Every structure is written in C-alpha cells, then in structure tokens.
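Data block below; observations after.
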Amino acid sequence: MTTKSIPTKYRKSEGQYVFHTTETENIDSILDKGVDPMYETGPDTTAAADVLSHLAPNEPFPFDRTTVAYCHTDSEYVGWLIEQQQQDHGFISDNSYAVIDVTKIDAPKYISDMKIVSDLIDYKYGGSNVMLCFDTAREALAAYRESIQPVDSPSDIETYDSGIKDSHPELIVSGIIPPEAIVDVLD
C-alpha cells in the first residue's frame with residue numbers, strides 16, 4: 001500500500017487525524033452540519049450490529065454500533081482506497097474521505113479492531129469455517145470486547161494495539177463529529 005494520496009501532515013499525525021468515509025454527495029452536508037451518527041447506516045454497520053446483538057444480547061457494549069460514527073485510523077489503508085478509486089477498478093464507489101481532527105471532538109470516543117468485527121460478520125453469514133482470526137464466534141466476541149478502549153487523546157489512537165495480527169483499528173465516535181473537526185476532504 002502507498003499513501004501518496006494522503007498529505008504528509010495527516011500521515012504522520014500521531015493519532016490526531018482520522019478518516020471518515022462517505023459518499024461524495026454527502027460532503028456538503030457534512031461540512032455544514034458535521035458527521036451525524038444517525039445518518040442511514042450501511043450494510044456493514046447493520047450486519048455488525050446484528051451479529052453483536054445476536055451473540056451478546058444481554059451484554060451491552062459501551063456504544064450502540066448503529067448510532068455511532070466510524071473513522072479509519074490507518075492513513076495507508078485510506079490512501080490505498082483512494083488510489084483504487086482513482087484507478088477506477090470498479091472496486092469502490094464514489095467515496096470521499098473527511099479528515100477529522102480528533103482533538104476537536106467532544107463526544108465519547110473508542111477504538112476497537114474492525115478485523116474482529118469482520119470475523120464475526122463472516123461467522124454470521126458463513127459459519128466458523130470462514131473466520132480468519134478465530135476458531136469460534138465466542139472467542140471473537142471476547143476478543144472484540146477486550147479490543148474496545150476509550151480514547152481520551154490522539155496518543156491513545158497512536159499506541160493502540162489489539163494484539164491481532166494485521167489489525168484494522170477504527171475510531172468509534174458516540175455522538176456528532178462537529179463541522180469544525182473536519183479539516184480536509186480527500187477523494
């Protein structure tokens with residue numbers, strides 16, 4: 001992966017900047033009103049929420065996955081997504097990436113490993129034989145619960161380690177990301 005699509009200041013931010021993926025048509029609204037977690041959720045968000053509520057109906061998490069905003073923390077991954085989109089491989093739809101300054105968010109923030117949630121989604125649709133990181137859904141659920149950490153500062157993002165090989169950390173914002181926290185838009 002390369003990050004030539006990501007300005008250096010965002011790549012070497014020590015956790016200060018994260019990236020919210022949205023359809024390009026939503027950018028004007030986001031720049032005006034911020035990122036509202038009550039926007040219509042996508043299929044991945046719904047699938048993750050469904051599998052978590054099915055596997056742990058009486059064990060609440062510190063947030064409801066259907067009412068939070070998500071951000072990528074890995075600039076290399078976002079750079080790769082942008083490059084794929086620019087090369088028009090038909091891999092990614094018309095997305096833009098709002099660059100978010102974490103220090104300007106007052107809402108509660110958490111970091112967790114999306115790779116674990118992906119394993120749980122795979123379990124939901126294909127069973128334990130298609131899971132990549134864990135042997136059982138119970139193991140994955142326990143690892144996901146353990147992977148969730150509160151974020152008080154950018155250094156919490158920078159130093160996050162879920163212990164999963166090739167992890168995919170995501171910042172979860174339990175509330176609105178205000179427009180003043182959006183410092184740039186990449187596409």
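Values computed for the structure shown
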{"item": "Set of lysines near Lys124 by C-alpha distance (under 22 Å), chain-local residues within fewer than 8 positions excluded", "result": "Lys115, Lys165"}
{"item": "Overall dimensions of the chain as given by Cα atoms, namely Rg and Dmax in Å", "result": "16.1, 45"}
{"item": "Proximal lysines to Lys9, defined as alpha-carbon separation beneath 23 angstrom and excluding residues fewer than eight positions away on the same chain", "result": "Lys104, Lys109"}
{"item": "The range 50-157: relative contact order in percent, alpha carbon pairs under 8 Å with at least 6 residues between", "result": "29 percent"}
{"item": "For the range 21-30, 3J(HN,Hα) per residue [Karplus equation, 6.51 cos²θ - 1.76 cosθ + 1.60, θ = phi - 60°, Hz, x = Gly/Pro]", "result": "7, 8, 5, 4, 5, 8, 4, 4, 5, 5"}
{"item": "Estimated distance in nm for a label pair at Asn58 and Thr24, the labels positioned 7 Å out from Cα along Cα-to-Cβ", "result": "5.0 nm"}
{"item": "Burial order of peptide ranges 104-114, 49-59 (average beta-carbon count within 10 Å, highest first)", "result": "104-114, 49-59"}
{"item": "Neighbour count of at most 13 Cβ within 10 Å plus DSSP loop: longest GluC sites (Glu not before Pro)-free window in the chain", "result": "41-187"}
{"item": "Gained length - Asp50 relative to Lys12, 0.36 nm times residue gap less alpha-carbon distance", "result": "10.2 nm"}
{"item": "Long-range HN-HN contacts of Asp184 with modeled amide H, under 5 Å", "result": "Val99"}
{"item": "For the range 118-135, Karplus couplings with θ = phi - 60° (6.51, -1.76, 1.60), whole Hz, Gly/Pro x", "result": "4, 4, 5, 5, 4, 4, 4, 9, x, x, 5, 6, 9, 6, 9, 9, 10, 8"}
{"item": "Selection from Leu81, Tyr123, Leu141, by position along the positive dipole direction of the chain (Cβ)", "result": "Leu141"}
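Computed from the coordinates by the stated procedures, all read-outs in this text should not be read as laboratory data. It should be emphasised that the depicted structure is a prediction, and the values quoted were computed from it without experimental measurement. Here Cβ is always computed from backbone atoms with ideal geometry, including for glycine, and neighbour counts include all displayed protein chains.
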